[in-house]
Amino acid sequence: MRTHSHQSELGWWQTARRAADPRLRRFVHGYFGSVGHLPRAIREWHLPTTEVPLLLNFAAPHRQRLAGEREEWVELDGSWAVGLRDCHQLTEARGERHFMVVRFTPLGAHLFLKVPMHLLAGQSIPLAAFDSSLSRLVMSRVSAGKSWDDRFTAVETLIAERVLSASVSGSAAWVWNRLSAANGRIALGQLMSEIECSQRHLIKEFRTYVGLSPKMVARLFRFNLAIRTLGGLSRSRAGEDTGKPYIEAASPRAAGGEEISWAEIATGAGYYDQPHFIKEFRHFAGSTPADFLRRTVDVG
């Protein structure tokens, strides 16, 4: 387990993260916990990822809104799941913070929640809306833990009970695994030629087990590879998962440090060229890569 502490004018927080048991890596990447206090409201940018986080909240409710919507904020409390989406999300954080995140893969979330994943796509839905008894069970087991390690173990045990004996369609799981291994840098036509499954059937299976189409999932994998590459250029982001939010800067900041080779990042992530990369980045993050970095700060 890795821990980290931070204190600045933004506030203070302590975090803990642990990778999932190797037996469960197909279903969940790991667990993240945070406790702290923010004296003033800050906005966080959550970029779209290929994970389906389950959040368990123990303090002040979280406030969020989706990009492109009117300035209407929604409060979320207790436990809720966030489906795959193709745009960034804004959240507003303030006051006491105490929460935990289970970093599911879509296939793992489907087996754990036992719902079609398209019902979650692009949304944050309370766990009780799907299964009130499961919501109570998760919160009771995790709340009984005296430490983050205890809480991570408690939820991991529950996950193992629900997913290890289950299965997902061979075609959907196989294509997902191939896209994941290649970070989306493989032609879907090539994958379709390697399996006995029509495109129409595969899209239907992805709707159930993943939530988005295979084509959109491939685009998300490429975008996340580019984000990890950018994160590797930052000392505070290196090695972090792509689900970690960026904090919106109070005012634009000047670019500093080493000059970024956008063309190399684009090529490495599987884009045709730099314009293609910028177009995709605009779609997923709402701005160009350079503007995004100027508008946000990455705090460890």
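The values are calculated or read from the model by the stated rules, or taken from the named source; none is laboratory data. All values reported here derive from a predicted model rather than from experimental measurement. Because the Cβ atoms are built from the backbone with ideal geometry, glycine has one as well, and the counts that use them run over all protein chains shown. With ligands, DNA and RNA removed, areas are computed over all heavy atoms of the protein, side chains included. Shrake-Rupley method; radii C 1.70, N 1.55, O 1.52, S 1.80 Å.
Checking a compactness column here: for the range 49-138, what do you get for Rg(Cα) / (2.2 N^0.38 Å), N being the number of residues?
The range 49-138 yields a ratio of 1.05.
Quote the charge dipole size of the chain about the Cα centre in Debye, to the nearest 20; the model charges only the Cβ of Lys and Arg (+1) and of Asp and Glu (-1).
For this selection, approximately 300 debye.
Take the Cβ-Cβ distance between residue 177 and residue 77 as r, set R0 to 30 Å, and report the resulting FRET efficiency rounded to the nearest 0.05.
0.30
Residue 289: net charge of surrounding residues, Cβ under 12 Å, Lys/Arg +1, Asp/Glu -1, itself excluded?
+2
Please state, as a whole number in µm²/s, the translational diffusion coefficient that the Stokes-Einstein equation yields for the range 1-98 at 37 °C and 0.692 mPa s, with Rh defined as the Kirkwood radius across alpha carbon pairs.
220
Would you check the accessible area of residue 273, probe 1.4 Å, heavy atoms only, in square angstrom rounded to 10?
Approximately 70 Å² of residue 273 is accessible to the 1.4 Å probe.
Run the 1.4 Å probe and let me know the accessible area of residue 88, rounded to the nearest 10 Å².
20
Taking the square root of 5 times each eigenvalue of the Cα gyration tensor, what semi-axes in Å does the equivalent ellipsoid of the range 137-194 have, largest first?
36, 14, 7
Round to a whole number: what % of the accessible area of the range 1-120 belongs to carbon and sulfur, probe 1.4 Å?
That fraction is 50 percent.
Test of understanding: extend the Cα→C-beta vector of residue 164 to 7 Å, then name every residue of the range 112-152 with backbone N under 19 Å from that spot.
Counting backbone N atoms under 19 Å from the label point, the list is 112-114, 138, 141-142, 150-152.
Once the whole set of protein chains is in place, how much accessible area is left on residue 164, using a 1.4 Å probe, in Å² to the nearest 10?
70
Counting other Cβ atoms within 10 Å, which GluC sites (Glu not before Pro) in the range 1-76 have at most 13 and lie in a DSSP loop?
Passing sites in the range 1-76 are 9, 69, 71, 72.
I'd like the per residue volume of the convex hull spanned by the Cα atoms of the chain, given in cubic angstrom.
133
Once each part is reduced to its C-alpha centroid, what is the distance from the range 175-221 to the range 8-74 in angstrom?
After rounding, the separation between the Cα centres reads 27 Å.
Give me the mean projected area, in nm² to one decimal, of the convex hull enclosing the Cα positions of the range 96-188.
Projected area, direction-averaged: 8.0 nm².
In deg cm²/dmol and to the nearest 500, what is the mean residue ellipticity at 222 nm of the chain if only DSSP H runs of at least 4 residues count, each as -39500 (n - 2.57), divided by the residue total?
Mean residue ellipticity, 222 nm, calculated: -11500 deg cm²/dmol.
Over the range 28-168, what is the relative contact order in percent, taking alpha-carbon pairs closer than 8 angstrom and at least six residues apart?
29
Taking the Cα of residue 263, stepping 7 Å toward and past its beta carbon, and measuring to each backbone N in the range 277-294: which are under 16 Å?
277-278
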